[in-house]
Amino acid sequence: MTLLNIGDHLKNVLELSEAHCDKTINNGDIEFSQLYSYIEDLKKWLSIIGGQVENIEMFRSAFKEFEASCHLASFGYLRPSYFSLRFFLEHSLWALCLSTSQIDYRNWVKGNLDFNWGFVQEHDRSVTSKAFAAAYLPEFEIESGTYREYSARMYRECSEFVHGNYKIYKEVHSEEDFDVKSLTRWKARAQLVFVVVTFFISLRFLNSLNSDTIKENSHLVMDHLGHIEVVRLYMEGRNNG
């Protein structure tokens, strides 16, 4: 077997990635700037909720996958970018579920409880359930079903890339190719996944934050959810309270 010159090989990979990144920037600099600004929003959420939950490392791990997804997509690795995007979605919601149950969290740490998307979607203790909204932020209950449906759709669409189903082959090209339409679809999905996670983080934590924290960080909610009337009314009430 003839071994590759690993230095030359990796340099070729780097050159290809740099070329793809240049094309990415030239075909959507504004959208990618927005997505990367979302990473800063997630870091701010970590600083806000860090003292409130035992499982903050779960959130940190999930949030880093959103950044990884952006990096992978910008360098032309669309299929693995969907792997990271799905991880961000499913483990952010799973972390929110476990943040309310020390028993479940500690069983998960011990390996006695596995991640279960069915739990995230269907269980009455899940962050996506109406019962959860009624307990933590009743004002958002009317919208929680809509965002649960969004989460299910995004999980399903990201999973198409994980499982390699036939219909996604037309959407994922080789790293040598640059396809604006495929990248545009990825950006739309990434934006929606981020908004879904933001909605459920807000639902879980807003009522536990004091007025000063709400006022200082209202952009984390309003920039992404301000188009929703119940969110807007709630935030106006907290800012004026």
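What follows is calculated from the coordinates using simple rules that are stated; it is not laboratory data. These numbers come from a predicted model, not from an experiment. Cβ coordinates were reconstructed from backbone atoms using ideal geometry, including for glycine residues, and neighbour counts include every protein chain displayed.
Descriptive notes on the structure:
- Lys/Arg +1, Asp/Glu -1 at C-beta; segment 6-240 dipole; positive extreme among S69, L14, F140: F140
- Spatial separation of Cα centroids for segment 181-240 and segment 98-157, in angstrom: 17 Å
- Potential lengthening between H71 and I142 on full extension [0.36 nm per residue; Cα-Cα distance subtracted]: 22.1 nm
- For the chain, modelled as a GNM whose springs connect Cα atoms under 10 angstrom apart, the maximal fluctuation among S47, S129, S17 occurs at S47.
- A DSSP coil position with no more than 15 other Cβ atoms inside 10 Å describes the following GluC sites (Glu not before Pro) in segment 47-115: E54.
- Rg/Rg_ref, segment 1-116, where Rg_ref = 2.2 N^0.38 Å and atoms are Cα: 1.37
- Classification of segment 38-100 by its C-alpha gyration tensor yields an oblate form. The axis ratio a/c (a ≥ b ≥ c) is 1.5 or more, and b/c is at least a/b.
- Contour excess over end-to-end distance, with Cα ends at Q102 and E54 and 0.36 nm allotted per residue: 16.5 nm
- Here L16 and N116 are evaluated by their C-beta separation; at R0 = 45 Å the FRET efficiency comes out at 0.70.
- Measuring nothing but how far apart in sequence close Cα pairs (under 8 Å, 6+ apart) lie, relative to its length, the chain scores a relative contact order of 20 percent.
- Under the Karplus curve 6.51 cos²θ - 1.76 cosθ + 1.60, θ = phi - 60°, whole-Hz ³J(HN,Hα) for segment 61-77, x wherever Gly or Pro sits: 5, 5, 5, 5, 6, 5, 5, 4, 4, 5, 4, 4, 5, 5, 9, x, 9
- Placing unit charges on the Cβ atoms of the charged side chains and taking the dipole of the chain about its Cα centre, the candidate lying farthest along the positive direction among S47, L203, L85 is L203.
- Reported label for calculated Rg and Dmax of the Cα atoms in Å given (1) 19.5, 72; (2) 18.1, 53; (3) 17.1, 53: (1)
- Taking the Cα centre of segment 6-240 as origin and assigning +1 to Lys and Arg Cβ atoms and -1 to Asp and Glu Cβ atoms, the resulting dipole is close to 460 debye.
- With the helix formula -39500 (n - 2.57) applied to DSSP H stretches of n ≥ 4, the chain reaches a computed 222 nm mean residue ellipticity of -24000 deg cm²/dmol.
- Highest-first arrangement of 4-14, 95-105, where packing means the average Cβ count within 10 Å: 95-105, 4-14
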